[in-house]
Every structure is written in structure tokens, then in C-alpha cells.
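Undergrad: The structure follows.
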Amino acid sequence: MRTSNHLIGFLNFLTFLLSIPILGGGIWLSSRANNTDCMKFLQWPVIIIGVAIMVVSLAGFAGACYRNNFLMYLYLWAMFFIVAALIGFVIFAYAVTDKGSGQPVLNRVYLDYSLRDYSGTWLSDRVASESYWSKISSCIRDSHVCRKMGRTFAGVPESAEMFYLRKLSPIESGCCKPPTSCGFTYINETVWNPGGGLVGSDPDCLRWSNDQEQLCYNCDSCKAGVLASLKKSWRKVSVINIVILILLVILYVVACAAFRHNKRIDNDEPYGETRMEKAQPSRIHF
């Protein structure tokens, strides 16, 4: 029985360790939201799951150490619901980030982003809604991500040829410059002038402003850039969660087997045998 309790305690310790990268992934998403992604409510499911696994694993560890069957029952049921919640979150994360990708541009290293590529998903509808976008665009503006794009060499801003060879983030490409299809002339990273007075057919061409407080923060390309950034962040966290989910399922199955073994010993049942007692009817003598 001691061996079984030690095994359950060890498994709960491993579960506690596995909760750390999940919690770390939620904190990383939170930092991304504060800096660039600006969708601050999306990281909470990951953080809540990570904290829940941490607390439940401690309860299971205590239950194994003190042979408290109530805590062990609580641990096993709670872990079942946590595993189910983690499965649901992984499926949800892939479902809402399934559509869309950057569009390659001729003679450019960076990609352009179009909101049409992301349409029809819950996440794109949420990002594009006026109530959310006003907060997201304000967050991007306050993060000064576009201002940080500026580069100078010996006090001289980089040339257009050098800028075209840069690998921009989705936020930088979608929010800090006009779409390439507009045909604007490069002045510096965040200042572009219409070429020969001609403007492309993309509505974002009219939304673009050289005002550093406006830029393309109201453009559909900016919304698409946010969606592309969220997709990249969520996919990274989801890969970690899938690996941890597989390990959690294995640990949960082993913990269930160890707990059943404990109960069998507590009931004085020999391992590998099914014990059944039946009262023998006494013979009635007439």
C-alpha cells in the first residue's frame, strides 16, 4: 500500500510540475496582450486551467500522503473535468484560428494581411466589432509598436529598399503602413505619400493617414494583422497544451489504477483476484 501511495503522490507531483508550463503559457499570452495582441480576455482560460491543475494536484498529493480518500476522490473527479476543459480549449483555439494567413507581396519580404481571409469565424467577428476594436486599436496605439519600427543608420533613415527586405510582424505590417496595393511612395516606416495622386481600390487606402496617432489603426488590414498575431500566439500555446494534455491523460489513467489498487488492499482483496463471499444456506433437517 505504501508503494501505491508513493506512486500516487509522485504522479500528483508530476501533475503539479505540468501545471507550471500551462500557467506560464497563460502569463505569456497576457504579456503579449499587453504589448501587441491587445486581446486581454483570451489568456484567462489558460491561466484558470493552469491554476486549477496546480491546486488539484496539491490536494491529490495531500490525499496520497495522509491516505485521505475524500481528497483522492476529489482529485480524480476534478482532474477528469480539467482534462475535459483542456481538450475543449485546445479544440476551441484551433477552431477560431483556423482561417487566414499573410499574403506574399512581389519584391517584399514582409506579408500583407486582409480581413477577408479571416472572415466567418467567432474571433474575427469579435475583433472587427466596433466595441472591441476601439479598445484594441487604442491598446496598439498605446503600445507604440509603430514608433518602435524606426531605424536609422548614421542618423539617416533606412531606404525603401532596406525596408522592403524587413520581416515585419503582422501588427507592424497591417497597422503601421498602408497596404502595398495602394501604391503609396515610401518616405519612412510610418510616412507614405500617394504616388502621382493615384490611390488603389482598397478602402484602406483612404483610411491611411500620415498622422502618427492615426496611421492605419482603423484599417481592415490592421484588424487582420491582430488576428494573424493572435493565431500565431494561440498556436504556440496550443502545441504546448496538447503535449501536456497527453501527459495528463497518461498520469490520470495511472493514478486511477493506483487508487483502485489502494481500495483493493483496504478491502483485504488479494491483488489479481476477485473476492466474493456468499453465505452458504444451511441444510434444513426434518
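Each reported figure results from applying straightforward, stated rules to the coordinates on display, with no laboratory input. Here the structure is a predicted model, which means the values were calculated and not measured.
Undergrad: Using a cut-off of 27 Å between alpha-carbon atoms, which lysines can reach LYS263, once sequence neighbours fewer than 8 places away in the same chain are excluded?
TA: LYS278
Undergrad: Next up: With the cut-off at 18 Å, tell me which of the pairs LYS135/LYS236; LYS99/LYS232; LYS177/LYS232; LYS99/LYS231; LYS99/LYS135 have Cα atoms farther apart than that.
TA: LYS135/LYS236; LYS177/LYS232; LYS99/LYS135
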